[in-house]
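Report on the structure given below.
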Amino acid sequence: MEIEKTNIEGCFILKPRVFKDERGSFFESFNQKTFEKLTGLKINFVQDNQSTSTKGVLRGLHFQKGEYAQAKLVRVTRGSVLDVAVDLRQDSPTLGKHFAIELNDQNNYQLFVPSGFAHGFIVLSDEAVFNYKCDNYYHKEAESGIRYDDFDLEIDWKLKSSEILLSEKDNILSNFSELNK
């Protein structure tokens, strides 16, 4: 496994070593010891989640507040998504900045999103299966989010707004500038 730093401190791309032959392919999707050695982080994942979505579905930008904040390790096992992490850490020099990467079943990349980030993705393929590990349990009362189309964040979601499908909940999220009011 190879770890690549992003433009935002603490956010990493994990690139597995994929073995292919006439039968198909194999790769190790996660190894705790390797992850800790290459990132210097000690993470204890406690929950795995999976979603299936069709093209244009945008889930996010979500985060858990306070003691329920979650670090996530995200990947796509079928299809393709644009995955986005937004730095919400008040003391960070990259506060309000985002990192975006295409995750798909061909590159098999994963993105490690530290706690203190909002996270979201949009499906670029006809369908996608999205998997993620969390280091903290979901707590409904701590959930929050930011509008995907927030002007201050300047995120290019790669699809026209007319192609984007949002949940009712995601459609009424606050703007980034309203987070600390």
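Annotation: the residues F45, F121, F112, sorted from fewest to most other C-beta atoms within 10 Å of their own C-beta, follow the order F45, F112, F121. Phi-derived couplings, Karplus 6.51 cos²θ - 1.76 cosθ + 1.60 at θ = phi - 60°, listed residue by residue for region 74-85: 10, 7, 10, 9, 8, x, 8, 9, 9, 9, 10, 10 Hz, with x used for Gly and Pro. Put +1 on the Cβ of each Lys and Arg and -1 on the Cβ of each Asp and Glu in region 26-66; which of Q32, Q50, F63 then has its Cα farthest toward the positive end of the dipole? Comparing the listed Cα positions along the dipole, F63 ranks first.
Expressed in Å, the radius of gyration and Dmax of the Cα atoms of region 2-173 are 15.7, 50.
Beyond 22 Å in Cα-Cα separation lie the following of the pairs K15/K37; K15/K160; K55/K158; K140/K169: K15/K160. Return the long-range amide H neighbours of R78 (sequence gap of 5 or more, or a different chain), with a cut-off of under 5 Å between placed amide H atoms. Answer set, sorted by chain and number: V129.
Taking L124, L159, L73 in turn, the Gaussian network model of the chain (Cα-Cα springs below 10 Å) assigns the largest fluctuation to L159.
For region 78-181, the list of GluC sites (Glu not before Pro) that fall in a loop by DSSP and count at most 14 other C-beta atoms within 10 angstrom reads E154.
Summed over all non-identical Cα pairs, the Kirkwood treatment of region 85-144 gives a radius of 13.5 Å.
Put a plus charge on the Cβ of each Lys and Arg, a minus charge on the Cβ of each Asp and Glu, and nothing anywhere else: the dipole of the chain about its Cα centre is then about 400 debye. Among T52, T39, sorting on how many other beta-carbon atoms sit within 10 Å of each Cβ, with the fewest leading, yields T52, T39.
Computed from the coordinates by the stated procedures, all read-outs in this text should not be read as laboratory data. Predicted model only: the values in this text are computed from it and were never measured. All Cβ positions, even for glycine, are placed from backbone atoms using ideal geometry, and neighbour counts span all protein chains on display.
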